[in-house]
Ligand SMILES: C[S@@+](CC[C@H](N)C(=O)[O-])C[C@H]1O[C@@H](n2cnc3c(N)ncnc32)[C@H](O)[C@@H]1O
């Protein structure tokens, strides 16, 4: 059984499905998608030997080697230009996802949709997307096994879109929706920032800019949480 998190990602793939799953580990997502859609094809990319072997094993067990190719390599190096129309990258930090997209941006022509699930620093991913003509078209926030995950769906468009720093932090759609999971996440995030700022204030050389940024974010969180309580 696939995790709710990966199932949600799969739901956002549009037909025809020819996608690359970067950092695929067991290749569970490509196997799930290709076993449900007979015309779907996928490339499972993995940089590390262990997960690469595991991905090949799962694809073999599902008998899907004719439609899922497991390739070893860093980020988008594993795909050729115009080979896929969508890319999924899940279960990594936002900074790593941004690095993968930035280093591989030459491979993105023809990629109409990016479906991304950063474990942390989602705002870094959103910023990269809007700076590179990927319009955020949907977002999800889900809770599973004690963790909270955000999923960002973005489509290529000619005209760039704009969001405020606040929308980038919370997610423009998640901010409108303000679900219970969203509320729980930001209550925790506020506590984390309070601790961090207190620690920073003990330092001999005060990181003034970092403290200011965190305090601004804390104000935004207060506003958003208050709004949820209303
Ligand atoms: C935590 S796992 C997530 C697996 C799966 N995507 C998921 O969400 O369940 C992250 C995977 O990304 C791989 N990875 C990390 N950096 C990568 C990179 N630059 N290129 C390709 N794969 C990478 C790791 O080897 C690991 O298997």
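Figure the gain on full extension for residue 57 and residue 194 (residue separation times 0.36 nm, minus the Cα-Cα span) and round it to one decimal in nm.
44.8 nm
Compute the long axis of helix 122-131 from its Cα atoms, compare it with the longest principal axis of the Cα atoms of the chain, and write down the angle in degrees, 0 to 90, nearest 10.
70 degrees
Note down the relative contact order for the chain as a percent, whole number, built from C-alpha pairs under 8 angstrom at least six residues apart.
About 14 percent, as a whole number.
Please report the orientation-averaged projected area of segment 18-85, defined via the convex hull of its C-alpha atoms, in nm².
Mean orientational projected area (segment 18-85, Cα hull): 3.8 nm².
Counting helices only, and only those DSSP H runs with n ≥ 4, report the 222 nm mean residue ellipticity of the chain as the sum of -39,500 (n - 2.57) divided by its residues, in deg cm²/dmol to the nearest 500.
Result for the chain: -14000 deg cm²/dmol, rounded to the nearest 500.
If the convex hull of the alpha-carbon atoms of segment 180-229 is projected onto planes in all directions, what is the mean projected area in square nanometres?
So the Cα hull casts an average projection of 3.2 nm².
Based on the alpha-carbon gyration tensor of segment 142-230, what equivalent-ellipsoid semi-axes (square roots of 5 times the eigenvalues) come out, in whole Å, largest first?
Square roots of five times the eigenvalues give 26, 18, 13 Å.
On a 0 to 90 degree scale, rounded to 10, what angle separates helix 180-200 from the longest Cα axis of the chain?
60 degrees
Quick one, what does Rg over Rh come out to for the chain if you take C-alpha atoms and the Kirkwood Rh?
Computed over Cα atoms, the ratio is 1.01.
Given q = 0.24 Å⁻¹, what are the Debye log10 I(q)/I(0) values for segment 133-184, with equal point scatterers placed on the Cα positions and solvent ignored?
Debye output, listed in q order: -0.94.
Report, as a whole number in µm² per second, the diffusion coefficient that Stokes-Einstein gives for segment 1-44 at 37 °C and 0.692 mPa s using the Kirkwood radius over alpha carbon pairs.
316 µm²/s
Just so you know, all these numbers are worked out from the coordinates, no wet-lab data involved. Note that this is a predicted model, so its numbers are computed, not measured.
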